[in-house]
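> Before anything else, here's the structure in question.
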């Protein structure tokens, strides 16, 4: 039997000992970020994704091994365990295969087949196979008994035995199941009378696609349509004769010579094997769909979290609204709230001039450098207001602040959360969201960790997937993102600190409490004084916690305290102090990592240390850049085919990307319009938060639909390549959800809502 480590190593195409070391480190309580960053020698340089795969697969394979053992013991107790069966069970690579092998020995309620066997009808079954030319009724007359009073009943009993054999044969069940999935087709139709009510599923009213070709988003759309009572789903296995032939061949049944056997095989296929294969296909499709949805969510969430930060610049945030006004907050470079107000520039109050004057005064008073405008209701009108405020500042001789449109997804969720209540106990809930908008412009990562990832609006049918798996997946993404950037221990909030490797929520709060009581940390070593922050937690977290301007310059870098002696050796060899060495590219690039490696810190770690010394605390996130929305283009009706616009990618799905071009409705760049080359995954081309140039290809004002292209040489009215399109159609992704002009306080948090914002589903 192949070991767990060998199995995983084969899946990842790495060495067995790499997996073994990774599993050992994980078992010792080390975190994935810590292992990936500071234990490269042990694992051979495995990254976060590989380590998480190892962690997840190990859990599955351990459970599989435990189930194999339980099954073996159960069959052994029955006295039915043969060497061949034991070998097959031990060789099984999935839980499904183990259960298939266990099926004949599983304790179950007495079946028709069991009753027939007790009545001695096993012999009749064998006679019907051995003598196919004989009249079945004649053979059966000899086997009548209590419960089987006549030939028909006896034959029904024999058929039950035969069908039970089909249904409990592991190899047959497995082969049928695989063939159905590989060769079958999903077909869907509309429930009569639901055409209008279920119009958003119109593309599935007469739909067919092979099971193994169905992408994640289409599976989820089909299942949702069925769940809402709009669609009927038919899992078409294909040519039934093929499956009936597989049954007959497996049991060497002379069906050509026996009409009874032929009908028994047909009955076995339709009542047992087809039913079980369809159930399995549904499960496989759901698993495939969930895996795809989780992958989309993971990728988009990572992009959003690692979006370019504007940095420590004083910011005025506008949370737009009409009737209830524009909620405003000014924060300084550290995110501290300096002022809040509500202005009413829009309908019905229309206090434009007064609002502009008040905001300009606030901006001037606090030296505002950026104006963050939430992208919800009244966003473009508020962006215009921000522009006029900025112009007033410039006219008065000040430096013009830069207006920036910011995604406000999840801001309202944060504002009503316990975290926000703890941060701002005396602040009105509506004003808290303005603070969140300002801070997420300064540092998206630091602010978005306070929001449930499911509320950030980058998921795909997220409410339809396993919520436990979703939470685990997203938590891992957040953890990896936070630790890849690092955290300033003297400014970080408790929710941000909680995401640092090795730190629990309690320890994170203790760090903040200690900081509030004793002032800023001056050394990493001082963290040891924080209650509950023991040696193991310090080991895991220290390299990701940064202290800027502290006593030891290395405390502001990603160099782990355990490796400080290596830096000392490097400094001694160069004749420079640590301070002189940091940032000294000319000296550092000439050094050979191997000269400083030892049994504890190998070449990979030393290489990382030298790179970190060159650019200490380097932020892996891209440079901050904003989209410039076109003047005079404020609504969908202002768009014209052929326009080239700048916009921000708000979401990426399997079928394309959504782009905010400043008209309250996201446009859709279909995957077929992303490149002149074939694109299998839109994430290869764009990421959430990226600023892109797009061409308007088509505009449907009535339904608020905008079709865009990243190929700026495309001409409106020309169809995209059928090969590229791959049969995908935008309409099939429709779902209920609130658009930007709806109630923003209902956090969308799903790909379907993004589709709604883009006008699909209206």
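> Of the conditions (1) surrounded by fewer than 24 Cβ atoms within 10 Å (Cβ to Cβ); (2) at pLDDT 95 or above; (3) outside any helix (DSSP H, G or I), residue 318 fails just one. Which one is it?
(1)
> Take the residues of region 643-652 that are assigned to a strand (DSSP E or B) and over 14 Å from residue 304 (Cα atoms): which is nearest to the chain's Cα centre (by Cα)?
647
> Is it the case that some residue within region 284-293 is surrounded by 20 or more Cβ atoms within 10 Å (Cβ to Cβ) and either over 30 Å from residue 170 (Cβ atoms) or without any contact (Cβ under 8 Å) to a residue 24 or more places away in the chain (or both)?
yes
> Which residue is farthest from residue 272 (Cα to Cα), if the candidates are limited to region 104-114 and must be assigned to a helix (DSSP H, G or I) and touching a helix residue (DSSP H, G or I) at 6+ places or on another chain (Cβ under 7 Å)?
Of everything passing the filter in region 104-114, 105 is farthest from residue 272 (Cα to Cα).
> Answer yes if at least one residue in region 29-36 is in the same structural domain as residue 89 (by TED's automatic domain parsing) and either at positive phi or touching a strand residue (DSSP E or B) at 6+ places or on another chain (Cβ under 9 Å) (or both), and no otherwise.
Taking every residue of region 29-36 in turn, at least one turns out to be in the same structural domain as residue 89 (by TED's automatic domain parsing) and either at positive phi or touching a strand residue (DSSP E or B) at 6+ places or on another chain (Cβ under 9 Å) (or both).
> Among the listed residues 281, 271, identify the single one that is assigned to a helix (DSSP H, G or I), in contact with a strand residue (DSSP E or B) (Cβ under 6 Å, 6 or more places away or on another chain) and in contact (Cβ under 8 Å) with a residue 24 or more places away in the chain. It would help to see each step written out before you state the result.
Details: 271 fails: in contact with a strand residue (DSSP E or B) (Cβ under 6 Å, 6 or more places away or on another chain).
So the residue among 281, 271 that is assigned to a helix (DSSP H, G or I), in contact with a strand residue (DSSP E or B) (Cβ under 6 Å, 6 or more places away or on another chain) and in contact (Cβ under 8 Å) with a residue 24 or more places away in the chain is 281.
> When you scan region 334-348, how many residues do you find that are under 10 Å from residue 314 (Cα atoms) and not in a strand (DSSP E or B)?
Of the residues in that region, 3 qualify.
> While we're here: Could you check region 516-555 and list, in sequence order, the residues that are buried (at least 17 other Cβ atoms within 10 Å of the Cβ) and more than 27 Å from residue 610 (Cβ to Cβ)?
530, 533, 537
> To continue, here is another question. Any residue in region 420-431 that is within 18 Å of residue 342 (Cβ to Cβ), in contact with a strand residue (DSSP E or B) (Cβ under 6 Å, 6 or more places away or on another chain), at pLDDT 95 or above and assigned to a helix (DSSP H, G or I)?
Yes, region 420-431 contains at least one residue that is within 18 Å of residue 342 (Cβ to Cβ), in contact with a strand residue (DSSP E or B) (Cβ under 6 Å, 6 or more places away or on another chain), at pLDDT 95 or above and assigned to a helix (DSSP H, G or I).
> Which of the residues belonging to region 384-410 are assigned to a loop (DSSP other than H, G, I, E, B) and surrounded by fewer than 23 Cβ atoms within 10 Å (Cβ to Cβ)?
Step one: filter region 384-410 for residues assigned to a loop (DSSP other than H, G, I, E, B), giving 396-401, 407-410.
Within region 384-410, 396, 397, 398, 399, 400 qualify.
> For residue 460, all conditions in the list (1) within 30 Å of the chain's Cα centre (by Cα); (2) outside any helix (DSSP H, G or I); (3) modelled with pLDDT of 95 or more hold save one; what is the number of the exception?
Only one criterion is unmet by residue 460, namely (3).
> Here's another thing I want to ask about it. Regarding region 209-220, can at least one residue be identified that is touching a residue at least 24 places away in the same chain (Cβ under 8 Å), surrounded by fewer than 16 Cβ atoms within 10 Å (Cβ to Cβ) and either in contact with a strand residue (DSSP E or B) (Cβ under 9 Å, 6 or more places away or on another chain) or within 29 Å of residue 167 (Cα to Cα) (or both)?
Yes: one or more hits.
> On the given criteria, is residue 158 within 53 Å of the chain's Cα centre (by Cα) and surrounded by 22 or more Cβ atoms within 10 Å (Cβ to Cβ)?
On the way: within 53 Å of the chain's Cα centre (by Cα): yes; surrounded by 22 or more Cβ atoms within 10 Å (Cβ to Cβ): yes.
Against the criterion (within 53 Å of the chain's Cα centre (by Cα) and surrounded by 22 or more Cβ atoms within 10 Å (Cβ to Cβ)), residue 158 qualifies.
> Restricting to region 198-218, name every residue that is under 25 Å from residue 459 (Cα atoms) and assigned to a loop (DSSP other than H, G, I, E, B).
Once the filter is applied, which keeps residues that are under 25 Å from residue 459 (Cα atoms) and assigned to a loop (DSSP other than H, G, I, E, B), region 198-218 yields 198, 214, 215.
> How many of the residues in region 434-457 are in a helix (DSSP H, G or I) and at pLDDT below 90?
Count: 3.
> Has region 3-18 got any residue that is more than 26 Å from the chain's Cα centre (by Cα) and not in a helix (DSSP H, G or I)?
Yes, there is a match, as at least one residue in region 3-18 is more than 26 Å from the chain's Cα centre (by Cα) and not in a helix (DSSP H, G or I).
> Mind counting the residues in region 42-84 that are crowded, with 17+ Cβ neighbours inside 10 Å and touching a residue at least 60 places away in the same chain (Cβ under 8 Å)?
2
> Quick check, is residue 96 within 27 Å of residue 59 (Cα to Cα) and either touching a residue at least 24 places away in the same chain (Cβ under 8 Å) or assigned to a loop (DSSP other than H, G, I, E, B) (or both)? Write out each step before concluding.
Details: within 27 Å of residue 59 (Cα to Cα): yes; either touching a residue at least 24 places away in the same chain (Cβ under 8 Å) or assigned to a loop (DSSP other than H, G, I, E, B) (or both): yes.
So residue 96 fits the description; yes.
> Would you call residue 627 under 30 Å from residue 700 (Cα atoms), within 38 Å of the chain's Cα centre (by Cα), buried (at least 18 other Cβ atoms within 10 Å of the Cβ) and in contact (Cβ under 8 Å) with a residue 60 or more places away in the chain?
Values: under 30 Å from residue 700 (Cα atoms): yes; within 38 Å of the chain's Cα centre (by Cα): yes; buried (at least 18 other Cβ atoms within 10 Å of the Cβ): yes; in contact (Cβ under 8 Å) with a residue 60 or more places away in the chain: yes.
So residue 627 fits the description; yes.
> Which pairs do you get when a residue that is outside the structural domain of residue 215 (by TED's automatic domain parsing), found in region 672-685, comes within reach of a residue that is exposed (fewer than 14 other Cβ atoms within 10 Å of the Cβ) and assigned to a helix (DSSP H, G or I), reach meaning Cβ atoms under 8 angstrom, with the pair 6+ apart or on two chains?
From region 672-685, the pairs are 678/723.
> Kindly evaluate residue 341 against the criterion of being closer than 30 Å to residue 654 by Cβ and in contact with a strand residue (DSSP E or B) (Cβ under 6 Å, 6 or more places away or on another chain).
Answer is no for this residue.
The values are calculated or read from the model by the stated rules, or taken from the named source; none is laboratory data. Note that the structure is predicted; figures quoted are calculated from it, not measured. So basically every Cβ, Gly included, is an ideal-geometry build from the backbone, and we count neighbours across all protein chains shown.
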